[in-house]
Every structure is written in structure tokens, then in C-alpha cells.
Amino acid sequence: MKASTLATITAAVLVGGLAGCTNRTKAPFDQGVCYSVALPEGGEKTAPKFNVLARDQPQIEFCAARLEAMRMQFLRLGGSQRDVVGSYQGQFIFIDRGGVYFAKTLEGSRFFALARTGDGRLAVPGTIERNIYPEPATAPAAAPAAN
């Protein structure tokens with residue numbers, strides 16, 4: 001019984017290890033370069049195309065802002081693509097109506113980075129405080145009597 005359990009666990013570890021060896025798309029690691037990523041159409045097996053959007057970007061958030069500006073510009077021109085993918089220094093950036101997400105690979109899990117505010121702007125989660133317990137309304141102070 002112990003040998004079969006050990007064999008089952010070993011097989012599961014090997015299968016899990018091989019699943020991690022699949023080819024994953026990685027972003028280019030060019031210092032300070034922000035890319036817009038053109039993904040292949042539905043059934044195509046081609047690699048994504050990386051187009052330089054901006055150079056000398058100091059942080060990934062600046063690249064995300066550039067991608068958001070590009071997305072808004074395309075929508076103003078009549079485009080219908082609401083989701084944008086970009087990359088910056090080896091990380092992918094995903095922008096959709098919910099906000100901005102970062103990931104190490106195109107197919108990997110995404111980390112929530114920037115949220116949309118009520119008016120559509122992007123902000124770091126937790127920086128916008130909502131007053132969930134409004135102060136009770138009080139009567140205004142009486143004006144001083146005039147002499």
C-alpha cells in the first residue's frame with residue numbers, strides 16, 4: 001500500500017513539473033521601453049508583436065498610463081477594442097474596464113495594480129478613501145448678532 005501511494009505521489013509531481021515546462025510568452029526586457037503588444041487573432045499560432053510605444057519610461061505605472069492614453073485615443077477615433085496589452089521591462093501590462101493588471105508571462109496569473117475611480121481614472125488601490133460612515137448633519141452655527 002505504501003509503495004502504490006509513493007508511486008502515485010511521484011507521478012503527480014512529475015506531471016505537475018512537466019506542466020510547468022510549457023512555453024510561455026515572455027516580454028522583452030529593454031530598460032525603460034514601453035511596448036504595445038499586438039496579440040495574434042483567435043486561431044493564429046504566431047507570436048505576439050511588440051511595438052515600441054514610448055522610451056525612457058521611469059516606472060511601469062508610467063507605461064500603463066501611456067497604454068491607457070493610447071486606448072482612449074483609439075476609442076475616440078471610433079475603435080472598438082476596449083482591452084489593451086502592453087509590456088515593460090519583462091512584465092506584461094493588461095488594461096481593461098476594471099483597471100490595470102501586471103503579469104510575468106502572457107498566459108500567467110495577473111496581479112491587480114491600478115483600479116478605476118468613479119470617473120474612470122486610474123489610481124493605486126487603497127489611496128482613495130471613501131467616507132462609508134458620513135458624519136451626521138448638524139445645524140449651522142448661529143451668526144453673531146450685529147450691533
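The values are calculated or read from the model by the stated rules, or taken from the named source; none is laboratory data. On a predicted model such as this, the values are computed, not experimentally measured, just so you know. Here Cβ is always computed from backbone atoms with ideal geometry, including for glycine, and neighbour counts include all displayed protein chains.
Key figures
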| quantity | calculated |
| --- | --- |
| Within the range 48-64, tally of residues that are surrounded by fewer than 18 Cβ atoms within 10 Å (Cβ to Cβ) and without any contact (Cβ under 8 Å) to a residue 40 or more places away in the chain | 9 |
| Whichever residue in the range 6-51 is at pLDDT 50 or above and among the polar types (S, T, N, Q) and, among such residues, is farthest from T105 (Cα to Cα) | T10 |
| Hits in the range 42-92 (condition: over 25 Å from G120 (Cα atoms) and of a type in the set (K, R)) | K45, K49, R55 |
| Scan of the range 43-69 for residues that are under 19 Å from the mean Cα position of the chain (by Cα) and farther than 19 Å from A103 by Cβ, ordered by number | V52, A54, P58, A69 |
| Long-range neighbours under 7 Å by Cβ, at least six apart or interchain, first residue over 27 Å from F50 (Cβ atoms) and free of Cβ contacts under 8 Å to residues at least 24 places away in the same chain within the range 102-127, second surrounded by fewer than 16 Cβ atoms within 10 Å (Cβ to Cβ) and hydroxyl-bearing (S, T, Y) | A123/T117 |
| Pairs where the first residue, in the range 65-83, is surrounded by 11 or more Cβ atoms within 10 Å (Cβ to Cβ) and the second is small (G, A, S), C-beta under 6 Å, 6+ apart | R66/A54; L67/G86 |
